[in-house]
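The values are calculated or read from the model by the stated rules, or taken from the named source; none is laboratory data. Computed from a prediction, not measured in an experiment: that's the story for all the values here. In this analysis, Cβ positions are derived from the backbone assuming ideal geometry, glycine residues included, and neighbour counts consider all displayed protein chains. Remember, those area values only see protein heavy atoms, side chains included, never the ligands or the DNA or RNA. Shrake-Rupley method; radii C 1.70, N 1.55, O 1.52, S 1.80 Å.
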Amino acid sequence: MPGGMPFQLEKGPIQRLIEQNINASRSEMRAMLHVLRQSEAADDIEWVNTLLPELWNEPAFSRAPQGTGVKVRDHIVKDWFGYELDPETGKWVKGAGPDTGFWLAYKGDVDRIVRRALRWALELSLGVAPGDEGPGRQHPWQIELFWKCLAPWFETWVVHRPVANSGLVSVFFVTPTHRGANIAESPIATSATASVTGVSHTVPSDEDDYEVLGEPHPHDPLHRPRVHAIDRTHGTWVVTHHHHESGDVVSTTNLVGANNVGPTDFQDWGIPQLSRYHGKDAIVVVAPSMAAGGVKHDGSV
């Protein structure tokens, strides 16, 4: 969950670090579930600190745009959940603005949505029904996290399925657009690093594990990627045009008649106009670098 995202679906270092911490022993995961259940009863924000207390000390957070785990935590509480730090008490309080956090044209209880989704993911992983204190599974299922943008509101999907002799629980955070949310018009790397001075959002980069399927690495064809597509144990791939161009502006008044969801959705959202993007050139299959929202070939950070 960095400050900006170059792609509309990503994992990246922050969610991978959360995955590594939340997929713990059965007793540790039961303790996490207890924290979330207690937090729902108290309806407070303290679960962000107590759910994974060692998470925010991870040195790998230095790779995130914020630079430290504590700053990432505060970014989530402020920009995702819409809390503000009370200067008198030093405690987080709900923001009073028209929008939640840095989401555009959206007001809602994001913290409650995320907390409930994580609770259900843990319950599925442990094999216990809501409120059940029984023993559950001997071996919890793995949990994975993804972030998907763009949607008109914030919602979370929890998907589970059998995998070999175990199971997998996938959590998708589906979010509205946010301030500074310009995404890359091409998945092809445009920089040596994902963080570029003077650019407010992350850009595609050719750092480790970047790969365009079937093509050599642009700067190190003999040594990168270190593990090729077919041999990876983990991968996140985007399939799209080589790049996109913003064309004519489409007035929403021209779209109302063709909208089969509801006659006033565009007007209700308050979106004055849209830009029509045109896909250009070949279709490419690209594994983004972890720094630009992908995942390393072995799932590490």
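Label-point separation (nm) for VAL93 and ARG179, each offset 7 Å from Cα along Cα-to-Cβ?
About 2.0 nm separates the two model spin labels.
Highest mean first, what order results for 50-59, 113-122 on Cβ atoms within 10 Å?
Order by mean packing, descending: 113-122, 50-59.
So, with a 1.4 angstrom probe, what is the percent of accessible area on the chain that is carbon and sulfur?
Heavy-atom surface of the chain belonging to carbon and sulfur, 1.4 Å probe: 55 percent.
What is the set of long-range amide H partners of TYR83 at a cut-off below 5 Å, with H atoms built 1.01 Å from backbone N?
Hits under the 5 Å cutoff: LYS78, GLY95.
Please compute the modelled spin-label separation between LEU150 and GLN38, points set 7 Å along Cα→Cβ, answer in nm with one decimal.
Those two pseudo-labels are separated by 4.2 nm.
How long are the three semi-axes of the equivalent ellipsoid for the stretch 121-222, computed from the Cα gyration tensor as the root of 5 times each eigenvalue, in whole Å, largest first?
Each semi-axis is √(5λ); the values are 36, 21, 11 Å.
Which order, highest average first, do 129-135, 219-225 follow once you tally other Cβ atoms within 10 Å for each residue and take the mean per peptide?
The packing order, highest mean first, is 219-225, 129-135.
Of the peptides 35-41, 187-193, how do they stack up when ordered by the mean number of other Cβ atoms within 10 Å, highest first?
Highest mean packing first, the order is 187-193, 35-41.
Can you list the lysines whose alpha carbon sits under 29 Å from that of LYS296, skipping same-chain ones fewer than 8 residues off?
Once the sequence-local lysines are set aside, what remains near LYS296 is LYS11, LYS71, LYS78, LYS148, LYS280.
Between ASP132 and THR240, what is 0.36 nm times their sequence separation minus the Cα-Cα distance? Round to one decimal in nm.
Gain in length upon complete extension: 34.5 nm.
Would you mind getting the accessible area per residue of the chain, heavy atoms of the protein chains only, 1.4 Å probe, in Å²?
Using a 1.4 Å probe on heavy atoms only, each residue of the chain averages 52 Å².
Would you pull out the residues with amide H under 5 Å of HIS178's amide H, same chain only if 5 or more places away, H placed 1.01 Å from N?
Counting only residues 5 or more places away or on other chains, the set is LEU104.
What distance in nm separates the two pseudo spin-label positions at SER200 and GLU46, each 7 Å out from Cα along the beta-carbon direction?
So the two model labels end up 3.6 nm from each other.
Measure out, as a whole number of angstrom, how far apart the alpha-carbon centroids of the stretch 190-244 and the stretch 13-78 sit.
Distance between centres, Cα-based: 28 Å.
Give me the base-10 log of I(q)/I(0) for the chain at each q in 0.13, 0.16 Å⁻¹, Debye formula, one uniform scatterer per Cα, rounded to two decimals.
With one equal scatterer per Cα and no solvent, log10 I(q)/I(0) is -1.04, -1.42.
With all protein chains present, calculate the accessible area of VAL285 using a 1.4 Å probe and round the result to the nearest 10 Å².
Counting only protein heavy atoms, the figure is 40 Å².
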